[in-house]
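A short worksheet on the structure shown next.
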Amino acid sequence: MRWIEPEAEVSLPPGTQISLLRQAIEKQPNNWALHLRLGAALASCGRWGEAVDAYETAERQAPDEFVAGPKFAKCYVELDRPEVALDACRRGEARGPSADLHFQKGRALTKLRRLADARDAFWSAVKANGTHIPALRALLAPMAREPDGAGLLDFCDALPQSSKDTALVRAHRAIALSRIGRIAEALQIVDLDRHVARVAFDPPAQFGAVDQFNRQLADDILADRFPGKPANEGLDFNAAPLFRRSQAFLALREFIKATFNDFLGEASRRGLDTVMPPPPTEGSLYQSSTVLRGEGHNGEHVHGNAYVSAVYHVLVPESVSNADDNRGALALGFCESYTGGYTPCWGARYIRPVAGSLVIFPSHIFHDVVPSCTQMPRIAVAADLQPG
């Protein structure tokens, strides 16, 4: 498989971007494009109120040029101002509808409990872009909680092929099959033994032993956080780490790519060739970093637009390593909260994290992390193979 390498990093950390943009705006207060960029930088840190102020200024200064309709609407949704978000969507639609705009409209309508209208908006997003994962998730999630899986299965099977080939739809199809008693078919899609691999990392010699490598990588991850980003109950997630600034991150990246290639070569032996589309001929490697403390956890989820996913454990608290329970474990297959209390036929597999090891699995397998119950950081790098 050919790996598509990202363009060279040119972006500065969000905090630095915000500071420089504010300085530029002091000199050019009527430059609407600077306000637009400031809004995007603030939104990337979850500073929604400040982002709205910046976007509103940009729109006032250049109403005919303003192009941030979906991002603008998203800020209002996050601020729990759905009526204003709908107004932003209407203004955006006047300039030209888009899948993202339909999706934010659906989110606003959901908050207003206009559920039928919201479903129509989400469906419009899917029709505009058959692999619009957030809109598909918004449509699928309520059906995953329904006791009778027949409706969910019919919905999955009626989707266009581009949607059916996503990990998100495959995951929900497995839930539907389990609910209606087609157990063998469900277990073909989710097999928590055959479909999961664990590989130890032997870092390049210049990093020393793996514990030395992990200490360097942990330091780099902790230094690459968003200043001013609101705390989220023990979860510190960085969706866009500046990995090229870390030699350790670059070394880990090469290891993950090689391990993914090996895993794809084992698809037939693992029984994945019959339940997943053919491996992509080319793809990119997406990585994120997560720091968990106390009661922090990721939440039950799948990586809906990926093909294969992995978690590399960088730093594991001693209390987790020595625990006689599942605290801090990677919980594969677990989705009871997502399904409204239903446990699918595949159950769950708890994998105790070991620093220096990579756990690999198909992206359609639900997973979460059991809270570690310690303020010592549990640090991990997640990775996805994203087709094309």
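Annotations for the structure displayed:
- Within segment 208-228, residues that are modelled with pLDDT of 95 or more and of a type in the set (G, A, S) sit with their Cβ atoms under 9 Å from residues that are open to solvent by 60 Å² or more (accessible area, probe 1.4 Å) and not in a loop (DSSP other than H, G, I, E, B), at 6+ positions apart or across chains, in these pairs: G208/Q216; A218/L315.
- Some residue of segment 302-321 being of a type in the set (G, A, S), more than 27 Å from I4 (Cα to Cα) and under 21 Å from the mean Cα position of the chain (by Cα): no
- Residue check, D236 touching a residue at least 24 places away in the same chain (Cβ under 8 Å), among the charged types (D, E, K, R) and in a loop (DSSP other than H, G, I, E, B): no
- Every residue from segment 348-372 that is in a loop (DSSP other than H, G, I, E, B), within 26 Å of D219 (Cβ to Cβ) and either open to solvent by less than 10 Å² (accessible area, probe 1.4 Å) or at pLDDT below 95 (or both): P353, G356, S372
- Meets criteria (touching a Pro at 6+ places or on another chain (Cβ under 7 Å) and surrounded by fewer than 19 Cβ atoms within 10 Å (Cβ to Cβ)) for D224: yes
- Residue check for R253: among the basic types (K, R), exposed (fewer than 13 other Cβ atoms within 10 Å of the Cβ) and touching a Leu at 6+ places or on another chain (Cβ under 9 Å): no
Each row is one residue, and each column tells you yes or no for (1) exposed (fewer than 14 other Cβ atoms within 10 Å of the Cβ); (2) within 22 Å of F361 (Cα to Cα); (3) in contact with a strand residue (DSSP E or B) (Cβ under 7 Å, 6 or more places away or on another chain); (4) among the basic types (K, R).
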| site | (1), (2), (3), (4) |
| --- | --- |
| P147 | yes, no, no, no |
| F213 | no, no, no, no |
| A218 | no, no, yes, no |
| D236 | no, no, yes, no |
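- Against the list (1) in contact with a Leu (Cβ under 9 Å, 6 or more places away or on another chain); (2) more than 25 Å from R225 (Cβ to Cβ); (3) aromatic (F, W, Y), the condition F72 fails is (1).
- Take the conditions (1) open to solvent by less than 30 Å² (accessible area, probe 1.4 Å); (2) under 13 Å from R378 (Cβ atoms); (3) in a loop (DSSP other than H, G, I, E, B); T290 misses just one of them, which is (3).
- Restricting segment 1-59 to residues that are hydroxyl-bearing (S, T, Y) and open to solvent by less than 50 Å² (accessible area, probe 1.4 Å), the residue that is farthest from S284 (Cα to Cα): T57
- Residue pairs whose Cβ atoms lie under 9 Å apart, sitting 6 or more positions apart in sequence or on different chains, and linking a residue in segment 104-121 that is outside any helix (DSSP H, G or I) to a partner that is acidic (D, E), are L112/E83.
- Taken over segment 62-75, the criterion of being open to solvent by 60 Å² or more (accessible area, probe 1.4 Å) and modelled with pLDDT of 95 or more is satisfied by K74 alone.
- For segment 260-275, the criterion of a residue being of a type in the set (S, T, N, Q) and closer than 26 Å to A138 by Cα is satisfied by no position.
The values are calculated or read from the model by the stated rules, or taken from the named source; none is laboratory data. Keep in mind it's a predicted model, so treat the numbers as computed, not measured. Don't worry about glycine lacking a Cβ; one is built from the backbone with ideal geometry, like all the others, and counts go over all protein chains shown. All accessible areas refer to the heavy atoms of the entire protein, side chains included, with ligands and DNA or RNA removed. Shrake-Rupley method; radii C 1.70, N 1.55, O 1.52, S 1.80 Å.
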